[in-house]
1. Given the criteria touching a strand residue (DSSP E or B) at 6+ places or on another chain (Cβ under 7 Å) and touching a residue at least 60 places away in the same chain (Cβ under 8 Å), does Ala20 qualify?
2. Going through the stretch 16-54 one residue at a time, which ones are at pLDDT 90 or above, open to solvent by 70 Å² or more (accessible area, probe 1.4 Å) and either among the polar types (S, T, N, Q) or over 9 Å from the mean Cα position of the chain (by Cα) (or both)?
3. Would you point out the residue of the stretch 64-77, among those that are within 8 Å of Gly40 (Cβ to Cβ) and not hydrophobic (A, V, I, L, M, F, W, C), that is modelled with the highest pLDDT?
4. Quick check on Ile66: is it in contact with a strand residue (DSSP E or B) (Cβ under 6 Å, 6 or more places away or on another chain) and either of a type in the set (Val, Ile, Thr) or crowded, with 16+ Cβ neighbours inside 10 Å (or both)?
5. Among the residues of the stretch 2-15, are any open to solvent by 40 Å² or more (accessible area, probe 1.4 Å), of a type in the set (Gly, Ala, Ser) and in contact with a Cys (Cβ under 9 Å, 6 or more places away or on another chain)?
Amino acid sequence: MPYFKDDVYFIRNSHTNFDAHNARTPGMHAPDGGVYRCTGCGHEIGIARGHALPPQNHHQHSNYSIPIRWQLVAAAIENGSP
């Protein structure tokens, strides 16, 4: 989970891009820049909008039956999105 010091810089948002069922697969392009969290193990990455999320061979789980899916947990605001 991302840390922050001053919550004045964060705004609660219920956009569906944050929902777990919208988690992205490895190698997909990030629809929003920000912090993404692996739903399987909790590993987090920061990525710019439009850049590819880490591919399958970049991030592995010790239990291979757990899928790698990247869920948006904190978005950088770019022209009002998300």
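1. In short, no.
2. Matches in the stretch 16-54: Thr16, His21, Met28, His29, Arg49, His51.
3. Residue satisfying both the conditions and the ranking: Arg69.
4. no
5. We begin by selecting, within the stretch 2-15, every residue open to solvent by 40 Å² or more (accessible area, probe 1.4 Å); these are 2-15.
Keeping just the survivors that are of a type in the set (Gly, Ala, Ser) gives 14.
Those left that are additionally in contact with a Cys (Cβ under 9 Å, 6 or more places away or on another chain): none.
No.
The values are calculated or read from the model by the stated rules, or taken from the named source; none is laboratory data. No experiment lies behind these values; they were computed from the predicted model shown. Cβ: placed from backbone, ideal geometry, glycine included. Neighbour counts: every protein chain shown. In case anyone asks, the SASA skips ligands and DNA or RNA and just uses the protein heavy atoms, side chains included. Shrake-Rupley method; radii C 1.70, N 1.55, O 1.52, S 1.80 Å.
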